[in-house]
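The values are calculated or read from the model by the stated rules, or taken from the named source; none is laboratory data. As the structure is a prediction and not an experimental result, all values here were calculated from the model. Here the Cβ is made from the backbone with ideal geometry for all residues, glycine too, and neighbour counts use every protein chain on show. We work out accessible area using only protein heavy atoms, side chains counted, and drop any ligands, DNA or RNA first. Shrake-Rupley method; radii C 1.70, N 1.55, O 1.52, S 1.80 Å.
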Amino acid sequence: MYIFPPTAQSKAMDKEKNTTPISSYIKENMQLVESLFTDSQDFIGRYFPVGGKNAPWIYVAYFDAMNDRETFDLSVVRHLFEMDWDALSFEEKNADLYKTLLNRGIATVDFSEADNMEDVLYFIMAGDTAVFLDGCTKVIIVATRGFPNRGIQAAETEVVVQGPREAFSEVMRFNTALVRRRIRDTGLKVKQRKLGVRSQTDIALMYIEDIVRPEVLREVERRLDKICIDGVMDAGCVEQLIEESWLSPFPQVQLTERPDKAASSILEGRIAIIVDCSPFVLIVPVSLNAFFQASEDYYNRWQVISLTRLLRFAGALIAVALPGAYLAVALYHPSMIPLLMVEKLAQASRAVPFPAVMEIILLDAAFELLREAGIRLRSASGGTIGIVGGLIIGQAAVEAGLVSPIVLIIVAVTGIATFSIPSVSLVYGFRLIKYFILILAAMFGFIGLWAGLLVTLIHLAGMRSFGFPYLMPFAAWEMNKYEDLKDSIFRLPLFWLKRRPFYADPKQSKRMK
């Protein structure tokens, strides 16, 4: 908060911050604070004496419903009212007023100090309570944050059969506690900063000091320091502002709502970026392989997970290439289709008034609309709309002769394949690339199909995430002596995964004896 508009705010956009000192006259501070929060009826400020006839006066300021009023009343206000100033000794009366009230009236250990008005205003708007003392140039900040929140609930986007059910919430301090509960190491550090000139959103970097690569940590801090925006509402805003290849449809930052996944990533040498007011945590750096890994992959037997991983990679290939492969075969290479099937396909497509490309695009658009409708509706209604709507619309379109049955099957299999990928962000990228490959295959057949896949592969090979190749460990696998291949398409037994991934500092690569 910058209290001298508009010059201070223009300077803030240039990373220049002016500080206003606390006045020793309490009424000047009170008038300044109340003038800034004029017409804010949720702001509460009270001016009252500590206790006794000759007692000094204090001014308390906070926002209603953003602090834990009961805690503040019991630990501060009650003690200040009960404090008998006349009964204090001569030495206490003539001692430093600030220290006397701090020792006598503040019955909590969770407090801090502020010596400029900008910090005081930030803490007040963040949910803490400011206590101004007459004749003092410091302000006591009592930690009373208690704004409404939905608490710790089960994960919704990363559902697992076996494993913890906890998910992050919108309160940053809850999220850091959930990670620290799983990593009880003195090396686990939490670096906090603020983003947004007006929103002043809290951002926390969590990492293990001796495992993270120092150059990666410096790069993350550099990119965060470069952000100058008026407000940050969600972790997705930070993700877009720190990624390298903003033109790429593929994610370069991993999002998770699971504390166990964030904790395991930190143990690998990665950095978790926790944004206040967001239930998702950003994890950097990342590779394409990490998006195919789920939390329960390490809670189940390696044979089952290896087969599941293979199905995920196969599902990704189907989601990208199946519609294009069908068009390439049907339009340019029908000789590859068995004769009995050619006759059935010819009979089914004879009554369809649209070309095969238009069939796939129209039906796929209907499928995407149903998926979007299922997301926006309530969970119970959304599932019903997706299943019933897909069956009814698909069957009606076939009977009306708008699409052929084989196209319906192709689109349905492609849609199902996308659900096998654990990362929603990666699914969005594949859905966009699918249309690029579809158009090339419709224009040039198998040559267009392979050209589209090759261009996509070249694009992925050229991408980097905070200095690391995006296709690790499938490319440049010698960086970690082939160890990361043990946890890629197939997951080998846990006792074989003795080294940390390539994200970690080479000096701390060993994680299991």
Query raised in the report: Residue-wise, which Karplus ³J(HN,Hα) couplings in Hz belong to the stretch 234-251, taking 6.51 cos²θ - 1.76 cosθ + 1.60, θ = phi - 60°, and x for glycine or proline?
Result: 7, 5, x, 5, 5, 4, 5, 8, 10, 6, 8, 8, 6, 7, 6, x, 8, x
Report task. Work out how much length Asp234 to Gln395 would gain on full extension: take 0.36 nm times their residue separation and subtract the Cα-Cα distance, in nm to one decimal. Result -> 53.9 nm
Query - Cut-off under 5 Å, modelled amide H: who pairs with Ala475 long-range - result: none
Query - Check: the stretch 119-198 dipole with +1 on Lys, Arg Cβ and -1 on Asp, Glu Cβ, in debye - result: 280 debye
Query raised in the report: So, with +1 on the Cβ of K and R and -1 on the Cβ of D and E, and no other charges, what is the size of the charge dipole of the stretch 130-277 about its Cα centre, to the nearest 20 debye?
Result: 460 debye
Report task. Mind giving me the FRET efficiency for Tyr299 and Thr186? R0 is 22 Å, r the Cβ-Cβ distance, nearest 0.05 is fine. Result -> 0.25
**Report entry** Most to least accessible of Thr71, Thr144 (protein chains only, probe 1.4 Å)
**Finding:** Thr71, Thr144
Query raised in the report: In what order, largest first, do Tyr332, Tyr62, Tyr470, Tyr482 sit by accessible area if the probe radius is 1.4 Å?
Result: Tyr482, Tyr332, Tyr62, Tyr470
**Report entry** Integer Hz, Karplus 6.51/-1.76/1.60 couplings in order for the stretch 497-512, x for Gly and Pro
**Finding:** 8, 8, 10, 6, x, 5, 5, 6, 4, x, 6, 10, 6, 7, 10, 8
Query raised in the report: Over the chain, what is the mean sequence separation of C-alpha contacts under 8 Å (at least six apart), divided by residue count, expressed as relative contact order in percent?
Result: 13 percent
Query raised in the report: Rank Trp496, Trp477 by accessible area, highest first, at a 1.4 Å probe radius?
Result: Trp496, Trp477
Query raised in the report: Measuring from centroid to centroid over Cα atoms, what is the spacing of the stretch 321-363 and the stretch 104-133 in Å?
Result: 70 Å
Report summary line: Non-local residues with an amide H under 5 Å from the amide H of Thr20, with H modelled 1.01 Å from N and Pro and chain starts lacking one, are Met117, Glu118
Requested in this report: Work out the charge dipole of the chain with +1 on the Cβ of Lys and Arg and -1 on the Cβ of Asp and Glu about the Cα centre, then indicate which of Met341, Pro164, Ile203 is farthest towards its positive end.
Outcome: Met341
Report task. Measure off 7 Å from each Cα along the Cα-to-Cβ vector at Glu221 and Val424, then give the distance between these two points in nanometres to one decimal. Result -> 3.3 nm
Report task. Please work out the FRET efficiency for the pair Glu209 and Leu36, using the Cβ-Cβ distance as r and a Förster radius of 25 Å; give the result to the nearest 0.05. Result -> 0.05
Query raised in the report: So what is the calculated 222 nm ellipticity per residue for the chain, using -39500 (n - 2.57) for each DSSP H run with n of 4 or more, over all residues, to the nearest 500 deg cm²/dmol?
Result: -14000 deg cm²/dmol
**Report entry** Added length on full extension, which subtracts the Cα-Cα distance from 0.36 nm per residue, Phe174 to Phe313
**Finding:** 46.6 nm
Query raised in the report: Using the beta-carbon distance between Met479 and Val159 and R0 = 45 Å, what value does 1/(1 + (r/R0)^6) give for FRET efficiency, to the nearest 0.05?
Result: 0.85
**Report entry** Theoretical gain in end-to-end length, Ile458 to Trp246 [0.36 nm per residue, Cα-Cα removed]
**Finding:** 74.7 nm
Query raised in the report: Among Ser488, Tyr470, Met512, whose Cα lies farthest out toward the positive end of the dipole of the stretch 372-513, if unit charges sit on the beta carbon of Lys, Arg (+1) and Asp, Glu (-1)?
Result: Met512
Report summary line: To the nearest 20 debye, the stretch 200-312 has a Cα-centred charge dipole, built from +1 on Lys and Arg Cβ and -1 on Asp and Glu Cβ, of 500 debye
**Report entry** Rough spin-label spacing in nm, given labels placed 7 Å along Cα→Cβ, for Ala351 and Asn103
**Finding:** 9.5 nm
**Report entry** Phi-based couplings in Hz for the stretch 258-268 (Karplus 6.51, -1.76, 1.60; Gly and Pro marked x)
**Finding:** 10, x, 5, 5, 5, 5, 5, 5, 5, 5, 7
Requested in this report: Return one whole number: the accessible area per residue of the stretch 134-281 in Å², for a 1.4 Å probe.
Outcome: 44 Å²
Query raised in the report: Once amide H atoms are built 1.01 Å from N in the peptide plane, which residues 5 or more positions from Arg491, or in another chain, come under 5 Å H to H?
Result: Ser306
Report summary line: Going through Lys189/Lys510; Lys261/Lys507; Lys27/Lys194; Lys434/Lys510 one by one, the pairs whose alpha carbons sit over 28 Å apart turn out to be Lys27/Lys194; Lys434/Lys510
Report task. Determine the share of the chain's accessible area contributed by carbon and sulfur atoms, expressed in whole percent, with a 1.4 angstrom probe. Result -> 61 percent
